[in-house]
Structure formats: structure tokens, C-alpha cells
1. Does Ala366 satisfy the criteria of being in a helix (DSSP H, G or I), under 26 Å from the mean Cα position of the chain (by Cα), of a type in the set (Gly, Ala, Ser) and more than 30 Å from His269 (Cβ to Cβ)?
2. Exactly one of these conditions fails for Ser352: (1) at pLDDT below 90; (2) assigned to a helix (DSSP H, G or I); (3) among the hydroxyl-bearing types (Ser, Thr, Tyr); (4) more than 18 Å from the chain's Cα centre (by Cα). Give me its number.
3. Check Glu385 against each of (1) modelled with pLDDT of 90 or more; (2) closer than 30 Å to Asp132 by Cβ; (3) in contact with a Ser or Thr (Cβ under 8 Å, 6 or more places away or on another chain) and name the one condition it does not meet.
4. I'd like the residue in segment 282-310 that is modelled with pLDDT of 75 or more and open to solvent by less than 10 Å² (accessible area, probe 1.4 Å) and, out of all such residues, is nearest to Pro424 (Cα to Cα).
5. Within segment 151-195, how many residues turn out to be under 26 Å from the mean Cα position of the chain (by Cα), touching a residue at least 60 places away in the same chain (Cβ under 8 Å) and in a helix (DSSP H, G or I)?
6. Among the residues of segment 168-197 satisfying the criterion of being more than 25 Å from Val497 (Cβ to Cβ) and of a type in the set (S, T, N, Q), which is surrounded by the fewest Cβ atoms within 10 Å (Cβ to Cβ)?
7. For Ile490, state whether it is more than 19 Å from the chain's Cα centre (by Cα) and either surrounded by 23 or more Cβ atoms within 10 Å (Cβ to Cβ) or assigned to a loop (DSSP other than H, G, I, E, B) (or both).
Amino acid sequence: MTQVLAPERRTPPPALGRSNDRLWHLAFGGLLAITLIAFTLWSFDFVGRDAPRMVLVTTVIFGAFMAFNIGGNDVANAFGTSVGAGTLTMKQALLIAAVFEVSGALLAGGDVTDTVKSGIVDLSGVAINPMDFAFIMMAALLGAALWLLVATRMGWPVSTTHAIIGGIIGASLTIGFVTGTGGLSMVQWSEVGQIAISWVLSPALGGLAAFFIYGLIKKYVLGNALSHTLKPHMLSAVAPAEGSVDAQIDSATTGSDVTGAGTGAIGTHSALQRWVPLIAAAGAIIITAMLLFKGLTNLDMSVSTVGGVLVMAMIGVAVWLAVFVFAKTLRKQTVPRATYILFSWMQVFTASAFAFSHGSNDIANAVGPFAAVLDVLRTDSINAEATVPFAAMLTCGFALIVGLWFIGRKVIATVGTNLTEIHPASGFAAELAAAGIVMAASVSGLPVSSTHILIGAIIGVGLVNRSANWKLMKPIALAWVITLPAAAAIGSIGVLVLRTLMG
């Protein structure tokens, strides 16, 4: 009677302070310092010589600080499954994030941004002073960033969008009450209610989608034994030595009524060639739809519905053919190793696309208020929209990557190892489920959070394997609820301090 090996414990991502990482620390720290100095000097001319220098310099620091913490929390959350599965190392994830996050921000981040994020606070009918408006945005950046820093240090993946909205609400209400220009009616409370709904709706939808997708992958591709034994070390050799872990895995999967026989068995490799290209094609279609309907929404691209469907179909067919040919080249590999390789490549693809979409959208949580303050300093007025300078987008993009490197490891550990055991197939399923729900929600207008969706998807994968860490999920869920009021409280205090010191 064969025995299925229990999943081994995965080592969490390494902590900072290792000697071989010191050059990386210095390089990223130096990059951020040089970027901030260069942008500050550039911004003096952009806003004009008459603008208050202290307000400008403080705004640059707060904006970069917010982007830094978005990188440490939101970007780390997006790459947690890839690092946790062993598909990517921390440095590889950093490289991919640098390319796709910054590219998404620069190419599709938008040339203009709403000065009040999501219309959550109505200032159109309030006679507010332009500098008070600037203080509101500065305090919102500070409030959101400080709360994100706390959550990141605790390893809690939270919504950066909810954090910046909370900061704006707290600072706006405080200015309204202090100056007598507004009160509770300034806040669109129905929008706050939509945020509350997202605390439940987002993880529920992500969990259901991942449970369904990974359940199908496990049933038709992996099988019970294989799904619990895929590990990075399987790539270490072409053929398993007698008595090795690979050989034990092959022995454990031999005779499985789900995936067929072990090493090199025609039935098992035929299953990979039959199902994995179809899964990859479906994933490519979903990812393409997410990019078309969400990731590229800020570009001046007029793609009709028929055109979009044709683009998705062409990409789906191309991916199906490429993965089918790739799967055939792996017939000499062991079944576990072939499966690991296939899903590793697919997971890198989904993580890259998710990073591009994230960079094109969520960078606005830092850039939006940042650009709004620059616009006030430049025009001495409050405008409905503010121009986003390329230099500001680039500065925030660099700060985002630096934040991922310095403080992102705890969130990566939470997402990639602590909520449930992740391997490339389950990580791919979670990322694909999250991408699909984000895309569907964007089209239908459902109030969801991409962070909460991905966490729900990881829990969905854990439910399939009966290994979800509900004990850890409790403080994370509590952090979701606390995010908005915590950022609001810090923003409220911050705007009073800023107004007192600089007003």
C-alpha cells in the first residue's frame, strides 16, 4: 500500500539584515533618496517659485511614503502566492514588479486624476480654502500611509484604496467642522456602505471562484497525491534517483484513478497535454479581459466589444497552442516535475498581468492626492481634475518597488505560506480567480477590493485542500474593518497639525 507524503513545511521568505542583501538595501535606499531629491528640485519649477516650499517638500515626502507602503502591502500581496509557491524568489518578484508595476503606472496610469478619490467626499458646494484642501490631501496621504505601515509590519494585507478614502474622510470632516464650512453631509455615506459590503463580498467571490477553479485543476490534472507534493526541489534533476522524494512521489501517484500512473506514463502526460493548455487558454482570455476592461481603461484606446472578443480569442488560441507544444516537450520529465514547470510558467504570467493592472490602477491611491496638492500649489485653486506629471508617476513607481523590497516580506509570508500551503498550481488558481473577479466586478460595478478578493481566493484554495488557516484570517478581517476608521483618525489629527504649522 503506497503512502502519500505529507506536505513539508515551507521556510518563510528571508528577513532583512542578511549580509548578502546589504548591497541591495543600499542600492534601493540610494535610488529612493536620489529620486526624491531630483523630483523635489524639478517640482520647484513645476509649481512656481511663489509656492510655499515647506508644503511642497512635505507633500513630496508624504506622497513617496504612501507609495512606499503600497509597495510593502498591496504589491507584496499580489506577489505573495508566487513567492510562497517557490515559483519566484524575492528578487525575481522584485524584478517583475519593477517592470510591470512601473510600466502599468506609466503607460496606463492616466494623465489626469480625480482630485477627490472616488467622489467619497463632496466638496463641490463647500467654500473651502485651496490651502485647506491641500492640507486635507496631505493628511490623507499621511493617515493612509501610517496605517498601511502598521498593517504591513503585522503582516496584514489590507486595502490601500480603503485607507486613502478613510484618510480623506477624516481630514475633510475635521476641516469642515473647524472652519464651519461643512459637516457629516459632506461624506457620501452610501459609498461608505459599499465599502462595508466589500468586506464580505470581495473575499466571498474570490473564495468561491478559487474553490471552483482549483477544484477542477486538482480533479482533472493533479490528483489527490500530486496536489500535496509539488515542491520547488522537483526541478533539481532530470530523473528521480531511487529512494529520492521524486521517486516516492511517483510511487505514491502510481495507480491513481485520477491522474493515472507515475513517471512517464502516457495516460498521465496525456492528461497534462489535454487539460493544462485549455486551462492556460482560459486563463489568458480572463487576464486579457482584465487588462482590456480594467488595466488599460486610462489609455485612449477605442476597442469595440467585438474587437475585444476577437483579441481575447486570438490570444486564447495562441496560448493554447504554445502550452500544448511546451507540454509535449516535457514528456521525458517526471509527472510532478512536468506539472510544476507548466504551472510555474503560467503563474508567472498571471502575476505579471496582475502587476500591470495593479500598477495602472492602485498607484492612483498615492498619485491622486499627491497630484491634487501639486495642482493647488501651481494654480492656487481647487480643480475637479489634476494633471499627473510624468515625473510624479515615476517617483511613486520607484517608491512602490523600494517599499516591496524593504517591508513587503511579512505580507508575502502571510499570503504565500501562512494562510495555506501554496504551490504553483494552487497559486495560479488563486491569481486567476482573483483576476476574473476583479474584471467582472469592474464591468458590473460591484464594490470589491482586489486585495480582499485575492485573500479570499487563497482561502478558497485552502478549503479545497482542507488547510485554510482560519485563526490567522480573524485578525486580517478585523484589520479590513479597522482600515478606514484608523486612517480617518490619523488623517483628522494630521490635518490639524499641518494647518497649525503651515497654515
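1. Numbers: in a helix (DSSP H, G or I): yes; under 26 Å from the mean Cα position of the chain (by Cα): yes; of a type in the set (Gly, Ala, Ser): yes; more than 30 Å from His269 (Cβ to Cβ): yes.
For Ala366, the condition - in a helix (DSSP H, G or I), under 26 Å from the mean Cα position of the chain (by Cα), of a type in the set (Gly, Ala, Ser) and more than 30 Å from His269 (Cβ to Cβ) - is met.
2. Just one mismatch for Ser352, condition (4).
3. Status for Glu385: all satisfied but (1).
4. Gly283
5. Matching residues across segment 151-195 total 19.
6. My answer is Ser190.
7. On the way: more than 19 Å from the chain's Cα centre (by Cα): yes; either surrounded by 23 or more Cβ atoms within 10 Å (Cβ to Cβ) or assigned to a loop (DSSP other than H, G, I, E, B) (or both): yes.
Against the criterion (more than 19 Å from the chain's Cα centre (by Cα) and either surrounded by 23 or more Cβ atoms within 10 Å (Cβ to Cβ) or assigned to a loop (DSSP other than H, G, I, E, B) (or both)), Ile490 qualifies.
The values are calculated or read from the model by the stated rules, or taken from the named source; none is laboratory data. Being a predicted model, the structure only gives us computed values, none of them experimental. Don't worry about glycine lacking a Cβ; one is built from the backbone with ideal geometry, like all the others, and counts go over all protein chains shown. Just so you know, the surface numbers come from the protein's heavy atoms only, side chains and all, with ligands and any DNA or RNA stripped out. Shrake-Rupley method; radii C 1.70, N 1.55, O 1.52, S 1.80 Å.
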